[in-house]
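Before any comments, here is the structure.
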Amino acid sequence: RLNRPLEDVKAQLRTSLKLAKIQQARQDFLKRLRDTSEVAIYLERPKVEVGFDPRRVRGNPQAPVMIVEFADFQCPFCRQFWQDTLPVVEKEFIGRGKARLTFINLPIPQLHPNALAAHEVAMCAAAQHQFWPMHNLLYAHQPDWARLRDPSAYFLALADSARLDRPAFGACLGSGRM
């Protein structure tokens, strides 16, 4: 019961009935298609093999899904992903063994003048199995080092914070291997 005069709700009832008829016609049409059509799927699920450094993988190595992050340590949007999205991905997927994450360096020196140095710092930390602590430190302190003309001293302080072997870290930085 609407407790309203028919004239007040007549247009609304017509519209509702018309929409219900259209919805029923769609459902009937889809049912006929499913019942009478033979469907063959010729496409394979897309799969891409990505090479990665096991020192830069976070999560269960047997997880069925590999999330590949391509990022630049000086990129403010990459930092925003680290700050806002990555914690959710870690909690919901990596922490539950549903996915693992690998990081691929993608410095863009044309936009970020300290990006190559930051990536070298991260890779030298990875050589000491400390990539993820350095990854977090680089993003956490990005507003401080990104604006510096020469962030070398700042990066050494981050290496100390990550408890890296300083002589080995310094030799790595100077080697040009990374």
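Pairs please, first residue from region 57-69 and charged (D, E, K, R), second anywhere and assigned to a strand (DSSP E or B) and surrounded by 16 or more Cβ atoms within 10 Å (Cβ to Cβ), Cβ atoms under 9 Å, 6+ apart in sequence or on different chains.
Arg58/Arg100; Arg58/Leu101; Arg58/Thr102; Arg58/Phe103; Glu69/Leu101; Glu69/Thr102; Glu69/Phe103
Regarding region 42-50, can at least one residue be identified that is touching a strand residue (DSSP E or B) at 6+ places or on another chain (Cβ under 8 Å) and under 24 Å from Ser161 (Cβ atoms)?
For region 42-50, residues touching a strand residue (DSSP E or B) at 6+ places or on another chain (Cβ under 8 Å) and under 24 Å from Ser161 (Cβ atoms): absent.
Quick one: in region 105-150, of everything that is free of Cβ contacts under 8 Å to residues at least 12 places away in the same chain and among the charged types (D, E, K, R), which residue is nearest to Ser175 (Cα to Cα)?
My answer is Asp150.
Condition first: in a helix (DSSP H, G or I), without any contact (Cβ under 8 Å) to a residue 12 or more places away in the chain, open to solvent by 100 Å² or more (accessible area, probe 1.4 Å) and under 24 Å from His135 (Cα atoms). Can you find one or more residues in region 21-30 that meet it?
Taking every residue of region 21-30 in turn, none turns out to be in a helix (DSSP H, G or I), without any contact (Cβ under 8 Å) to a residue 12 or more places away in the chain, open to solvent by 100 Å² or more (accessible area, probe 1.4 Å) and under 24 Å from His135 (Cα atoms).
Out of everything in region 158-167 that is in a helix (DSSP H, G or I) and open to solvent by less than 50 Å² (accessible area, probe 1.4 Å), what residue ends up being nearest to Phe77 (Cα to Cα)?
Within region 158-167, the match that is nearest to Phe77 (Cα to Cα) is Leu158.
Can you tell me how many residues within region 147-157 are of a type outside the set (A, V, I, L, M, F, W, C) and open to solvent by less than 30 Å² (accessible area, probe 1.4 Å)?
The total comes to 1.
Please give the number of the condition Ala168 fails out of (1) under 23 Å from Arg58 (Cα atoms); (2) in contact (Cβ under 8 Å) with a residue 12 or more places away in the chain.
Failing condition for Ala168: (1).
Could you please give the count of residues in region 169-178 that are surrounded by 13 or more Cβ atoms within 10 Å (Cβ to Cβ) and part of a helix (DSSP H, G or I)?
Selection size over region 169-178: 5.
Among the helices (runs of 4 or more DSSP H) lying completely within region 71-146, list those that include at least 3 residues that are surrounded by 15 or more Cβ atoms within 10 Å (Cβ to Cβ) and among the aromatic types (Phe, Trp, Tyr).
Counting at least 3 such residues, we get 131-140.
Can you tell me which residues in region 31-56 are assigned to a helix (DSSP H, G or I) and touching a residue at least 60 places away in the same chain (Cβ under 8 Å)?
Passing the criteria: Arg55, Arg56.
The values are calculated or read from the model by the stated rules, or taken from the named source; none is laboratory data. A quick note: this is a predicted structure, and the numbers were derived from the prediction, not measured. Reconstructed Cβ throughout: ideal geometry from the backbone, glycine too, with neighbour counts over all protein chains shown. SASA here: full protein model, heavy atoms, side chains in, ligands and nucleic acids out. Shrake-Rupley method; radii C 1.70, N 1.55, O 1.52, S 1.80 Å.
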